[in-house]
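One structure below.
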Amino acid sequence: MEMKDIRYEPAAAAGENDALLVIDMQNDFMPAGALPVAQGDIIVDGINALMQVFSECGASVVLTQDWHPKGHHSFASAHEGKAPYDPYDAPGLGPVLWPDHCVQGTIGADFHPGLNTFMAHAVIRKGYNPSIDSYSGFLENDLKTSTGLGGYLHGRGVQRVFVCGLALDYCVFYTASDAMKTGFEVYVVMDLTRAVVSPENSVSTALETLTSEGARYIDSPAIRLKG
Ligand code: VGL
Ligand code: ZN
């Protein structure tokens, strides 16, 4: 499945049982960062506008932040003879190894300076277990360790989540997928996400899986305030 095969919802009205999840809008995922995502920076203004819509209508706004310790096992540098983007498969890691990125306390791990982080109600950090990655904002890649995000959202009465940010084929994908498994209806905000594209088929895999699991797709101009 490719981008052109996506069916978009014509409209959605956001209200208090909705949440906007803004995934990993951090310096290291910007075009000049350590793990660059093409055009990752051009979605900042649109995300700010959407955070405004969600906070005005009483919905929840949550940011996630990739937050690795130095020497994290998802980094190629932690493995003898491996280079960034080399294939790698081990429990809780892969399918590729990454450049060092989003190391706790570094500028690369900070949010993009243009992102209006003051509009967020909560920030969920993930990926701090040295030997397990966490692409999803809900569940680490061991598929059992919760970040607490599901409990937070259920506790606030959220039923539907809208997911945007970086990267479509990794953290947006796994967050959206786990949101459905955690009982939320999911919309992926397609104009406000961009992909890493590694390996080559990562975007089609993500879209096929999300579609089969029941995700909906929308562009941000089609989202308005309820009432
Ligand atoms: C991500 C690869 C490694 C992401 C995080 O935010 O999509 N991708 N760590
Ligand atoms: Zn990471």
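Would you please list the contacts, defined by Cβ atoms under 7 Å and residues six or more apart or on different chains, that run from a residue in the range 163-179 that is farther than 12 Å from Val197 by Cα and aromatic (Phe, Trp, Tyr) to a residue that is at pLDDT 95 or above and within 8 Å of ligand 1 (Cβ to nearest atom)?
From the range 163-179, the pairs are Tyr174/Tyr135.
Check Phe54 against each of (1) in contact with a helix residue (DSSP H, G or I) (Cβ under 7 Å, 6 or more places away or on another chain); (2) surrounded by 21 or more Cβ atoms within 10 Å (Cβ to Cβ) and name the one condition it does not meet.
If we test Phe54 against (1) in contact with a helix residue (DSSP H, G or I) (Cβ under 7 Å, 6 or more places away or on another chain); (2) surrounded by 21 or more Cβ atoms within 10 Å (Cβ to Cβ), just (1) comes out false.
Residues that are buried (at least 17 other Cβ atoms within 10 Å of the Cβ), closer than 13 Å to Ser60 by Cα and within 16 Å of ligand 1 (Cβ to nearest atom): does the range 139-155 have at least one?
Scanning the range 139-155 turns up at least one residue that is buried (at least 17 other Cβ atoms within 10 Å of the Cβ), closer than 13 Å to Ser60 by Cα and within 16 Å of ligand 1 (Cβ to nearest atom).
Yes/no per residue for (1) assigned to a loop (DSSP other than H, G, I, E, B); (2) within 17 Å of Asp28 (Cα to Cα); (3) more than 14 Å from ligand 2 (Cβ to nearest atom); (4) of a type in the set (A, V, I, L, M, F, W, C):
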position: Gly108; (1), (2), (3), (4): no, yes, no, no
position: Val123; (1), (2), (3), (4): no, no, yes, yes
position: Pro130; (1), (2), (3), (4): yes, no, no, no
position: Gly137; (1), (2), (3), (4): yes, no, no, no
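Taking Ala78, is it over 20 Å from Ala195 (Cβ atoms), more than 16 Å from ligand 1 (Cβ to nearest atom) and either out of contact with any Ser or Thr (no Cβ under 9 Å at 6 or more places or on another chain) or among the β-branched types (Val, Ile, Thr) (or both)?
no
Go through the range 91-106 residue by residue and tally those that are within 11 Å of ligand 2 (Cβ to nearest atom) and either without any contact (Cβ under 8 Å) to a residue 12 or more places away in the chain or more than 24 Å from His79 (Cα to Cα) (or both).
The qualifying residues number 0.
Quick check on the range 116-138: of everything there that is surrounded by 22 or more Cβ atoms within 10 Å (Cβ to Cβ) and within 27 Å of Gly46 (Cα to Cα), which residue is farthest from ligand 1 (Cβ to nearest atom)?
In this case the residue turns out to be Phe138.
Between a residue in the range 10-23 that is surrounded by fewer than 22 Cβ atoms within 10 Å (Cβ to Cβ) and any residue that is of a type in the set (D, E, K, R), which pairs come within a Cβ distance under 6 Å, given they are 6 or more apart or on different chains?
Once the first residue is surrounded by fewer than 22 Cβ atoms within 10 Å (Cβ to Cβ) and sits in the range 10-23, its partners that are of a type in the set (D, E, K, R) give Ala13/Arg224; Ala13/Lys226; Gly15/Lys226.
The values are calculated or read from the model by the stated rules, or taken from the named source; none is laboratory data. These numbers were taken from a predicted model, which means no experiment stands behind them. FYI the Cβ positions are ideal-geometry reconstructions off the backbone, even for glycines, and counts take in every protein chain you see.
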